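The values are calculated or read from the model by the stated rules, or taken from the named source; none is laboratory data. On a predicted model such as this, the values are computed, not experimentally measured, just so you know. Note: ideal-geometry Cβ built from the backbone for every residue, glycine included; neighbour counts use all protein chains shown.
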Amino acid sequence: MSTTVFFAVIGAAILHASWNALVKGGADKYVGIAAVAIGHVPFAVVALMFVPTPAAESFGYLAAGILLHVGYQLFLLQSYKVGDLTQVYPIARGSAPLIVALVSVTVLGVVLVPMEIAAILIIGVGILSLSLTRHADGMRNNKAALFALGTGVFIASYSLIDGIGARLAGTSVGYYAWLSIGNAAIMVVYFLILRPVTLTDMARHGRKVFFIGGGASFVAYALVTWAFTQAPIALVTALRETSIVFALLIGVFFLKERLNLAKLLSTFVTLLGAALLRFART
């Protein structure tokens, strides 16, 4: 992985952690998710003024990507309804790179060197280990873990589809801009039919998340989509999920959350995997 791609994905991870912190800090997660998803639209429209139209060969992947992103968002909301962020998020984000790597090697025929495979495994284990801490009542939430794993499957699926689609499109930004608009349109219809109060609340109280969170999210995944065209999807996905480390740091330094030894060790393991990924083929 080149230095440019490496730091582009790290930048995307920081942006991803930032908008997640905005959503986490909000009282209504439905409003937060809606504001971020719909907040992509103005940035996507501006981007489309400067990039070519995606090639027709990518249209099938574009349609599949839109549906998978919608599924991911709805599954994530359901996960948060039955479980805590500190359990759901690490399982969802930690399982995704492992699934992508498995599919890439066994189905797509991607060849990864042993150090790259080791780095992906280390990152996945480091992130997943953050979910092992028991809650104050000493109990684990198996239902939440199952939903979180399902969310991870959606993340892995849209990563693979978007990686292939962006390459076929000939314009990674154009591909993702149209995907963002399609995703936002479906989310608007979903909330209009099932939870219209969400859109009203978003207009009243979600403007900060709409512009800041939507912008950060759009730029973050636009960088990732570009990176998919420059490096193996499995490596980009694994490195992107180091966003959980930045989310943890934001939580500690800005949200005043507690940092215990288990979280510190998990963070160290994840960063070790990222370092191995950077220097795997140098």
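For segment 252-259, the criterion of being surrounded by 14 or more Cβ atoms within 10 Å (Cβ to Cβ) and either small (G, A, S) or touching a residue at least 40 places away in the same chain (Cβ under 8 Å) (or both) is met by no residue. Of all residues in segment 254-269, those being of a type in the set (V, I, T) and modelled with pLDDT under 75 number 0. Residues of segment 157-166 that are of a type outside the set (S, T, N, Q) and either closer than 16 Å to A8 by Cβ or without any contact (Cβ under 8 Å) to a residue 40 or more places away in the chain (or both): D162, G163, A166. Taking the numbered list (1) under 20 Å from L121 (Cα atoms); (2) modelled with pLDDT under 85 in turn, A234 passes all entries but (2).
Looking for something free of Cβ contacts under 8 Å to residues at least 12 places away in the same chain, farther than 20 Å from M187 by Cβ and part of a helix (DSSP H, G or I) - is there at least one such residue anywhere in segment 83-94?
Taking segment 83-94 first, the residues free of Cβ contacts under 8 Å to residues at least 12 places away in the same chain are none.
Within segment 83-94, none of the residues are free of Cβ contacts under 8 Å to residues at least 12 places away in the same chain, farther than 20 Å from M187 by Cβ and part of a helix (DSSP H, G or I).
Filtering segment 24-37 to residues that are part of a helix (DSSP H, G or I) and surrounded by fewer than 23 Cβ atoms within 10 Å (Cβ to Cβ) leaves K24, G25, K29, Y30.
Matching residues to (1) of a type in the set (G, A, S); (2) surrounded by 19 or more Cβ atoms within 10 Å (Cβ to Cβ); (3) at positive phi:
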residue	(1), (2), (3)
I14	no, no, no
H40	no, yes, no
A47	yes, yes, no
A55	yes, no, no
L62	no, yes, no
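Taking the listed residues L112, L62, L76, L68, the one that is within 14 Å of the chain's Cα centre (by Cα) and either modelled with pLDDT of 90 or more or closer than 30 Å to G170 by Cα (or both) is L68, with no other qualifying.
Within segment 159-171, being within 11 Å of F228 (Cβ to Cβ), buried (at least 21 other Cβ atoms within 10 Å of the Cβ) and not charged (D, E, K, R) holds for S159, L160, I161, G163, G165, A166, A169. Scanning segment 220-230 for residues that are more than 11 Å from the chain's Cα centre (by Cα) and among the small types (G, A, S) turns up A222, A227. Note on segment 231-275: among residues that are assigned to a loop (DSSP other than H, G, I, E, B) and closer than 30 Å to L108 by Cα, the one that is nearest to the chain's Cα centre (by Cα) is E241. In the set (1) outside any helix (DSSP H, G or I); (2) touching a helix residue (DSSP H, G or I) at 6+ places or on another chain (Cβ under 6 Å); (3) at pLDDT below 90, V51 fails one condition alone, (3). The residues listed here are V111, V100; of these, the one that is assigned to a helix (DSSP H, G or I) and either β-branched (V, I, T) or crowded, with 20+ Cβ neighbours inside 10 Å (or both) is V100.
Scanning for something on the phi < 0 side of the Ramachandran plot, outside any helix (DSSP H, G or I), of a type outside the set (G, A, S) and at pLDDT below 95, does segment 190-198 turn up at least one residue?
Filtering segment 190-198 down to residues on the phi < 0 side of the Ramachandran plot leaves 190-198.
Now narrow it down to the ones that are outside any helix (DSSP H, G or I): 195.
Those still in the list that are of a type outside the set (G, A, S) too: 195.
Narrowing the set further to residues that are at pLDDT below 95 leaves 195.
Yes, segment 190-198 contains at least one residue that is on the phi < 0 side of the Ramachandran plot, outside any helix (DSSP H, G or I), of a type outside the set (G, A, S) and at pLDDT below 95.
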